[in-house]
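First up is the structure itself, then whatever we jot down about it.
The values are calculated or read from the model by the stated rules, or taken from the named source; none is laboratory data. As the structure is a prediction and not an experimental result, all values here were calculated from the model. We place every Cβ from the backbone using ideal geometry, glycine too, and count neighbours over all the protein chains shown. Note: accessible area is taken over every heavy atom of the protein model, side chains too, but ligands, DNA and RNA are not part of it. Shrake-Rupley method; radii C 1.70, N 1.55, O 1.52, S 1.80 Å.
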Amino acid sequence: MANLILLLGDQLSDRISALQAANPAEDRVVLAEVLSEASYVPHHPQKILLIFAAMRQFARHLQQQGWQVSYQRLDDADALGDLGQVLQRELARGHYARVIMTHCGEYRLHRQMRRWQAEWPLPVEIRPDTRFLCPLRVFRQWAVERKEWRMEYFYRLMRRRTGLLMTAEGKPVGGKWNFDADNRRAYDGKRPLPLLPATTLDEEGQRLAAMIAERFSTHFGDLQSFHWPVNRAQALHLLGTFIEQGLPGFGDYQDALSSQSPFLFHSLLSSSINIGLLDPLEVCQQAEAAYHAGQAPLNAVEGFIRQIIGWREYVRGVYWQTMPEYAESNALAAQRPLPAAYWGAPTGMACIREVVSAVRQYGYAHHIQRLMVTGNWALLLGVQPKAVCEWYLAVFVDAFEWVELPNTLGMALHGDGGLLASKPYAASGKYIQRQGDYCAGCDYQVSRVTEPDSCPFNSLYWHFLKRHQARFAEHPRMAMIYRNWQRMEAGQQQAILQRAEWLLEHIDQL
Ligand code: FAD
Ligand code: DLZ
Ligand code: SF4
C-alpha cells in the first residue's frame, strides 16, 4: 500500500530521509503552506517568502522527477490552518499504510508529531534527519561522557569523523586544529567586497511576494531587496561565488564590523543549508578543495569549516539534548522587555541602528553583529531571554529554533548558565570600536564612560559585571577584568554605576 510523505519547508532536499526507499509511482508527497507555521512568531516577510518560494519550486522539481505531490498554497480557497489538518485531509482522500516524515527542527512541532504518532490510527514514522553530519545518538554519547561540553573538543571529533582538513596520518592540516587567533582583523576597505547576489525571484515568486506583503503587513521587515536562493541551482551558484570571492577574505574579516557592508566576506549560505538546498558536507568539501588548489588560505578555510561542522552541529546537538528545559532557562534572571530599537524605533546608537536596519532590509546579520551588537546589548541590559529569542527566531531568514535558541539563549545571553560556552560574550564599546567603524557615526562617544554622551555599552558593561560578580569573579578568564574594577576609585565606580542606572531607566530614549 502507498505511504504519505510529509516534507516541511526546511526539508527541501532530494536526499531527505523521508523520501528514501519511497516509490514515486505509488507514494504521495505533501507540502503545505500553513498559517500556523507562518505565524507562530512574526517571521520577517523575506523568511516567509523564502520558504514558500522554495517549497513551490521544490514541489515542481519533485513532480518533474515523477513524484505525486499534493501542495497546499496559503491562499487556496480551501486552505487548512495547520500541518496535522492537511495530513488528515490527505489520509481521508486515499488509502495509506503509513505516514512518513523526517525529524523536524523545532521541539514545538516535534511534540505535535509525537502526538500524531500516539493518536492517529495508522503508523507515523519519524526518521532521523540525515542531512546533519553528527547523528543525535553520536552527540548524546559524546555529551554523556563529559562533565563539561566545549565546542572545540566536539569539533575535533567532527574533523576526524569527516576527514576534513586532516592529513593521512590523522593530524590536523597546518599542525593546529584552530586558527581563530588569525581571524580578528577590522575591515580597512582595501580588499574588494564580493558582489551582492542577484535577485532570485521569477514571475510566480513576485506574485507570491505581493501576497505575503499583504497578508503579513504587520511583520517587521522589507521585501524589496530579496536575494536568497530559492532552488538548488541558485544555491550552488551562490556557493561558487562565495568560494571564489568571499572565502579568501573570510578568515581575516570574520569578526569585522563595517558600515560599508552588512555582509563583508560572509557566505550568506545559512538559509540555503538550513532549508536543504545545500548539503553541509558538499559546502565544506568545496571550501577544502579551494584551500588545496591554493585559492584560499588555511585560516579562512579552517574557520569556515569550523562554523559548519563545529558550531552548527554542536548547537543542534545541545538543542535536542536539553529541550524542552533549555528554552525555559534564565540563569542570569534577566527580566527586562526587549527595547523598541530592535523593532526599528529610532536610536542614536549607530551600531544598533546599522544592524537593525540591515535586518529589516535583508533578514540577515552576520555572526558578530548578532553576537556582539544586538546580543551583547540585550545581555548587558538584562533582557528576558524569551523576548530576545523570539526576536531572533522571527527576524532572520535562516532562523529555526534548533540553531537559533542555543546561539541566542546560550551563546549570546549566557541564559543556560554556561552550558554552551563557559564565559559570557559581554563587551564594552571598545570591542565594537576595535572591530569596525560604527562609532564614527554615533551620537555617543566610545571613549567616554560616565558622561551624558558616553557610549551606553561602557558603563553597562561594568554594571553587568558588578550585578553578576558572585557568578563570574572566580572565572579564570574573567578574574583580570574584576581586578581592573577593584583597582578603580570608589567615586569612579559609583559614577559608572550611576550612569548605567540612568541608562537602564531610559532604554527606549537612547
Ligand atoms: P558565515 O559566517 O558565512 O558562516 C558559514 C556557515 O557556518 C553559516 O552559513 C552557518 O551554516 C554556519 N554557522 C556559522 N556560525 C554558526 C553558529 N554559531 N551556529 C550554527 N551555524 C553557524 N544561524 C542560523 O543558521 N540560524 C539562526 O537562527 C541563527 N541565530 C543566531 C543567533 C545568535 C544570537 C547568534 C550569535 C548566531 C546565530 N546564528 C544562527 C549563527 C550565525 O550567526 C549564522 O549562521 C550566520 O551569521 C549566517 O550567515 P552566513 O551564512 O553568512 O554565515
Ligand atoms: C518557517 C516556515 C514557514 C514560515 N512556513 C512553513 C509552512 O507553511 N509550511 C511548512 O511546512 N514549513 C514552514 N516553515 C518551516 C517550519 O516552521 C519548520 O519546518 C519547523 O519550524 C521545523 O524546523
Ligand atoms: Fe555603539 Fe557605543 Fe560605538 Fe555608538 S559609541 S556605535 S553605541 S559602541
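What the table shows:
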| quantity | calculated |
| --- | --- |
| Expected 222 nm ellipticity per residue - DSSP helices of 4 or more, -39500 (n - 2.57), all of the chain, to 500 | -12500 deg cm²/dmol |
| Net charge dipole size for the chain [Lys, Arg +1 and Asp, Glu -1 on Cβ; Debye, nearest 20] | 1380 |
| Amide H within-cut-off set for VAL29, under 5 Å, with H built and near neighbours excluded | ILE5, GLN68, VAL69, SER70 |
| Partner lysines for LYS386 [C-alpha distance under 26 Å; skip if fewer than 8 residues away on the same chain] | LYS47, LYS423, LYS466 |
| Shape box of segment 340-509 [Cα atoms, principal axes, largest first, Å] | 47, 36, 28 |
| Listed residues LEU157, PRO385, LEU239: farthest to the positive end of the dipole of the chain (Cβ charges) | LEU157 |
| Between helix 232-241 and the chain: long-axis angle, C-alpha atoms, 0 to 90°, nearest 10 | 30 |
| Unit charges on C-beta of K, R, D, E only; dipole of segment 340-509, Debye | 540 |
| Length added when fully stretched, GLN295-LYS430, from 0.36 nm per residue minus Cα-Cα | 45.2 nm |
| In degrees, nearest ten, helix 203-215 long axis to first principal axis of the chain (Cα) | 60 |
| Acute angle (nearest 10 degrees) that the helix 385-395 long axis makes with the longest principal axis of the chain, alpha-carbon atoms | 60 |
| Candidates per GluC sites (Glu not before Pro) in segment 1-79, loop by DSSP, up to 15 other Cβ within 10 Å | GLU26 |
| For segment 132-192 versus segment 224-248, the gap between their alpha-carbon centres in whole angstrom | 24 |
| Estimated distance in nm for a label pair at ARG140 and LEU35, the labels positioned 7 Å out from Cα along Cα-to-Cβ | 3.8 |
| Dipole-positive endmost among VAL301, ALA490, TYR253 within the chain (Cβ charges, Cα centre) | ALA490 |
| Accessible area (Å², per residue) of segment 340-509, counting only protein heavy atoms and a probe of 1.4 Å | 39 |
| Computed E for SER217/ALA77 - FRET, C-beta separation, R0 25 angstrom, nearest 0.05 | 0.70 |
| Sequence ranges 264-276, 191-203, ranked by mean other-Cβ count within 10 angstrom, highest first | 264-276, 191-203 |
| Rg ratio (alpha-carbon, reference 2.2 N^0.38 Å) - the chain | 1.00 |
| Whole-Hz couplings from phi, Karplus 6.51/-1.76/1.60, listed for segment 275-281; x for Gly and Pro | 8, x, 6, 10, 8, x, 5 |
| Viscosity 1.306 mPa s, temperature 10 °C, Stokes-Einstein D of segment 21-71 from Kirkwood C-alpha radius, µm²/s | 131 |
| Efficiency of FRET from Cβ geometry, SER225 and GLU328, R₀ 41 Å, rounded to 0.05 | 0.65 |
| Distance (nanometres) between label positions extended 7 Å along Cα→Cβ at LYS171 and TYR153 | 2.3 |
| DSSP beta bridges in the chain [antiparallel fraction, %, rounded to 5] | 5 |
| Gain upon complete extension [GLN20, LEU122; 0.36 nm per residue less C-alpha separation] | 34.7 nm |
| Sulfur and carbon atoms: percent of accessible area, segment 3-127 [1.4 Å] | 45 |
